[in-house]
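Asks: Before we start, here is the structure in question, set down as structure tokens.
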Amino acid sequence: MSTRDPFRTHQSGLTLIELVMFIVIISVALAGIIGVFNLNVQHSADPMAQKQALAIAESMLEEIELMPFTYCDPDDANATTAADATGCATTAEGTGPEAGETRYSVATPFDNVNDYDSFTMNAGNGGILDITGAAVGGAGTLDAYSVVVAVTPTALGTIASSDSLLITVTVTGPGSTSVVLNGYRTRYAPNATP
């Protein structure tokens, strides 16, 4: 004879409540993990935008610093011999380009550091352009970036503000990316043009 109780059964498996609790716990954990991955993906492009903005700013600052900074307008015949502004037939104007000069002109290009003051390249309006006016990297590549340049006479130690310029290049890009680079240009050889 069997001593087994027919009303008493041995339980195996999960109850419905245990199964629902398991699904809820796993769902919450997966949602948290997916949220972390999503956050990382959203911010993974930021370093690229920052690097591009920095490269644009460095390129623009180098272009400006390589321009002549003389007492005379660089087109003046006396530019290489004038020891001060009195030796010039045409003095280098203050900040900003002379009439008719643009960064992209072959006939009348920017020819002095001062010409770059208040120069801008705007996002959505051609983006970043090289000195010929062509889009850098092809059309649409850097359309989301903007450049603003300021050139300010600034004393640098014992060098007078008339002989030293602070160049500030500000580049903004996608995702509130912003890079500001400063550089100085001095009249290290006032009567020489590079």
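Just so it is clear, none of the values below were taken in a lab; they were calculated from the coordinates. Since this is a predicted model, take the numbers as computed values, not measurements. Here the Cβ positions follow ideal geometry from the backbone for every residue, glycine too, while neighbour counts run over all protein chains shown.
Asks: Tell me, what is a quarter of the convex hull surface for the C-alpha atoms of region 46-186, in nm² with one decimal?
Replies: Its average projected convex-hull area is 9.1 nm².
Asks: Run the numbers for K51 and N125: contour at 0.36 nm per residue of separation, minus the present Cα-Cα distance, in nm. Please list the in-between numbers first.
Replies: Values: separation 74, 0.36 × 74 = 26.64 nm, distance 2.13 nm.
Roughly 24.5 nm would be gained on extension.
Asks: Among 162-172, 15-25, what's the highest-first ranking by average C-beta atoms within 10 angstrom per residue? Walk me through the numbers before you get to the answer.
Replies: Values: 162-172: 19.4, 15-25: 9.9.
Put in order of decreasing packing, that is 162-172, 15-25.
Asks: Quick one: order C72, C88 by neighbouring beta-carbon count within 10 Å, fewest to most.
Replies: So the ranking, lowest neighbour count to highest, is C88, C72.
Asks: Between A83 and S176, take the C-beta separation as r, use R0 = 41 Å, and let me know the FRET efficiency to the nearest 0.05.
Replies: 0.30
Asks: Between T102 and V28, what length comes free when the chain is fully extended (0.36 nm per residue of separation minus the Cα-Cα distance, one decimal in nm)?
Replies: Result: 20.7 nm gained on full extension.
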